[in-house]
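Structure first, commentary second.
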Amino acid sequence: MLPSGPLYVRTTPSTTEGAEPAVLVHGLGGAATNWTDVMDLLRDRLRTYAPDLPGFGWSPPPAGDDYSLPAHVRAVTDLVESVGAGRPVHLLGNSLGGTVTTVVAATRPDLVRTLTLVSPALPVLRPRLSNVHLPALAVPWVGQQLAKRLGRYPVEQRVRATLALCWADPSRVPPERLDEAMVEADRRARLDHDGDAMIRSLRSLMSAYLRPDRWPLWRLATRVQAPTLLVYGLKDRLVDPRTASRAARAFPDNRVLLLPDSGHVSQMEHPAVVAAAVRRLVDEPGATAR
């Protein structure tokens, strides 16, 4: 139990004694399993912890149904403090998880040794044809009605539609990962809070986009002190990969990895490439624990 509440965390013990800890945070509608393959590939180098954000995966809903960006930041901060035991950790985030980890790194630099962002959901106010439905989902009442309509589709159809949106080439999804996604989607569909977790988290993210006076996410990016790896898939349908150029100007100490044949979840679509880039980052002089 963390100070902010209960949180389900998947761990991959390292094969190396004394390995440094890393925390990996999933995106909107995702779960800790989004990092399974990367965690396995890094187990000789890092001791990894992947939480299900409150209300997602196996984590219960947060107190007061608080799915706000500050609440997600508090949950991840508490976890980082717990697993780091007073020492900074390597922090990784995808999509919404990239936004959350950016805020953690900017506001608590003492907790973060390196930062890896895979298609971070930082503000871009130009909807694309592939993601124009997301702002609609964030509108009160309208979002609930759209979610109910989407919920009437068979689980397999919903899973395949999600994969088609998030992967550049859904045919590359390993069969075991597809089966896992089907089972998890069926389980989640039976939970009363499933729709709320998605819609309220999205609503808070959209609010941060529209209220930069309260959540200046790009300005926070300029305050990140940790060496940062920025990973973008050039076939991403949710986060415009052209954002990479602005991110490269914002994060002070950054390296950019552009993947021509990858979508929104490069850590799932190209885990070996992402894991190799993370390994290079954490092995840089000054990035390892002293």
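The values are calculated or read from the model by the stated rules, or taken from the named source; none is laboratory data. Everything quoted here is computed from the prediction, not taken from an experiment. Cβ: placed from backbone, ideal geometry, glycine included. Neighbour counts: every protein chain shown. Ligands, DNA and RNA are stripped out before the accessible areas are found, and what is left, the full protein with its side chains, is counted by its heavy atoms. Shrake-Rupley method; radii C 1.70, N 1.55, O 1.52, S 1.80 Å.
Taking the alpha carbon gyration tensor of segment 34-124, what are the square roots of 5 times its eigenvalues, largest first, to the nearest whole Å?
Taking √(5λ) for each eigenvalue gives 20, 15, 15 Å, largest first.
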(message) Which residue fluctuates most in the GNM of the chain (Cα springs below 10 Å): THR116, THR11, THR77?
(response) THR11
(message) With every protein chain kept in place and ligands, DNA and RNA left out, what is the accessible area per residue of the chain? Probe 1.4 Å, answer in Å².
(response) 46
(request) Grab the other residues whose beta carbon is less than 13 angstrom from that of ALA250, score K and R as +1, D and E as -1, and report the net. (result) +3
(message) Tell me which trypsin sites (Lys or Arg not before Pro) from segment 222-251 have a DSSP coil assignment and no more than 14 other beta carbons within 10 Å of their own.
(response) ARG242
(message) If I fit a long axis through the Cα atoms of helix 155-166 and take the longest principal axis of the Cα atoms of the chain, what angle between them do I get, 0 to 90°, rounded to 10?
(response) 50
(request) Using only Cα atoms, tell me the angle between helix 69-84 and the longest principal axis of the chain; keep it within 0 to 90° and round to the nearest 10. (result) 40
(message) Over the Cα atoms of the chain, each weighted equally, I'd like the Debye log10 I(q)/I(0) at q = 0.07, 0.09, 0.10, 0.16 Å⁻¹, rounded to two decimals.
(response) -0.23, -0.38, -0.47, -1.37
(message) Check which residues have an amide H placed less than 5 Å from LEU259's amide H, if you skip close sequence neighbours.
(response) TYR232, GLY233, LEU234
(request) Give the shape of segment 13-68 as rounded, prolate or oblate, defined through the alpha-carbon gyration tensor: a ≥ b ≥ c are the square roots of its eigenvalues, a/c under 1.5 means rounded, and otherwise the shape is prolate if a/b is larger than b/c and oblate if not. (result) prolate
(message) Please report the antiparallel percentage of DSSP beta bridges with both residues in the chain, rounded to the nearest 5.
(response) 15
(message) Can you tally the net charge around ARG219? Count Lys and Arg as +1, Asp and Glu as -1, for every other residue whose Cβ sits under 15 Å from the Cβ of ARG219.
(response) +4
(request) Name the residue, out of GLY55, GLY93, GLY18, whose mean-square fluctuation peaks in a Gaussian network model built on the chain with Cα pairs under 10 Å. (result) GLY18
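Roughly to the nearest percent, how much of the accessible area of the chain is carbon and sulfur, given a 1.4 Å probe?
56
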